[in-house]
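Structure first, commentary second.
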Amino acid sequence: MPGVEEIRAGIALANEKASASIAALQQAAQSLEEAQQSLAQATSGSTQEEVNQTHGMLAEALQGINGTQTTIRACITSAENYSARL
């Protein structure tokens, strides 16, 4: 069974990887926001259902990314709390 310091080191590594994933998700969100802006400019005034669906799906994707980031942050906090109690 690993010792306390090994457990803490493992938790720190996991949290580092999780933080890196948050940064990657932030980059993805920024790209999606840029895609939304490009789409809005290109389809301005359109009433086609496909355009509305596309806008909605991009917004949903952004919400999903934001929710995932929130979940990851909660995981990091939980792991840090556990590590502090060791």
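Laboratory data are not the source of any read-out in this text; all were calculated from the coordinates shown. Since we're looking at a predicted model, the values are computed, not measured. Every residue, glycine among them, receives a Cβ derived from its backbone with ideal geometry; neighbour counts consider all protein chains shown.
Given the -39500 (n - 2.57) contribution per DSSP H run of 4+ residues, what per-residue ellipticity at 222 nm results for the chain, rounded to the nearest 500 deg cm²/dmol? Intermediate results must be reported in sequence, preceding the final value.
On the way: 2 runs with 76 residues, N = 86.
My calculation for the chain gives -32500 deg cm²/dmol from helical runs alone.
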Q.
Of the listed values [x] 12.9; [y] 6.6; [z] 5.7, identify the label whose number matches mean projected area of the Cα convex hull in nm² calculated from this model.
A. [y]
Q | 0 to 90° range, to nearest 10: angle between helix 49-85 axis and the chain longest Cα axis | A | 10
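Treating the beta-carbon of each Lys and Arg as +1 and of each Asp and Glu as -1, no other charges, what is the dipole magnitude of the range 1-81 about its Cα centre, to the nearest 20 debye?
Details: 3 positive and 9 negative charges, 36 e Å.
So the magnitude is around 180 debye.
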Q) Given a cut-off of under 8 Å on Cα pairs at least six residues apart, what relative contact order in percent is computed for the range 4-85? A) 55
(Q) Quick check: the distance between the Cα centres of the range 37-86 and the range 1-19, to the nearest angstrom? (A) 28
Q) Residue-wise, which Karplus ³J(HN,Hα) couplings in Hz belong to the range 25-36, taking 6.51 cos²θ - 1.76 cosθ + 1.60, θ = phi - 60°, and x for glycine or proline? A) 5, 4, 5, 4, 4, 5, 5, 5, 4, 5, 5, 4
